[in-house]
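*Asks:* For reference, the structure I am asking about is given below.
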């Protein structure tokens, strides 16, 4: 291409116009596009494939050791998560109501729940049930005494 430009520039300097063939290229460019003049790329790829010897092996990694709970800095790896705040809510019970009944609610109306008074309440953290407990009163405030933790495998369902 650079040779073609030099040849065309020489023709222009001598007052000649470069000859353009039917394909819209100059003769120098046409010679470069002749099928016999292009390098044989397929042959080059075949030679590379034949010459390359690749050694492959399965990657081996050491097993994780649970006893190493410290990071490079020596702090607990989960230390930075301890400051996160999670939504915790207690579900006392549920019921279904028709819209007309909801619209008729007034002060003093009692809504009956499906759970019995003796049944434990459900404790949820970020919409995941983690425990059950019973309602207690502590200095005029409600509280929950945890009576049963959900099995760890159940708590971790969905994270696998």
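Quick note: the coordinates plus some simple rules give every number you see, no bench work behind them. The structure presented is a predicted model; accordingly, all values stated were derived computationally and were not measured. Positions of Cβ are backbone-derived with ideal geometry, glycine not excepted, and every protein chain shown enters the neighbour counts.
*Asks:* Can you check what the Kirkwood hydrodynamic radius comes to for the range 84-155, Cα pairs only, in Å to one decimal?
*Replies:* One over the average 1/r among Cα pairs gives 14.4 Å for the range 84-155.
*Asks:* Efficiency by 1/(1 + (r/R0)^6): what FRET value for residue 156 and residue 102, r their Cβ-Cβ distance, R0 = 41 Å, to the nearest 0.05?
*Replies:* Using R0 = 41 Å, I get an efficiency of 0.65.
*Asks:* How far, in nm, would the chain grow between residue 148 and residue 59 when pulled straight, counting 0.36 nm per residue and subtracting the alpha carbon separation?
*Replies:* The residue 148-residue 59 span can extend by a further 27.6 nm.
*Asks:* Taking 0.36 nm per residue of separation and subtracting the Cα-Cα distance, what length does fully extending residue 84 through residue 117 add?
*Replies:* Here the answer is 8.5 nm.
*Asks:* Kindly give Rg over Rh for the range 113-153, based on alpha-carbon atoms, with the Kirkwood expression for the hydrodynamic radius.
*Replies:* Expressed as Rg/Rh, it is 1.01.
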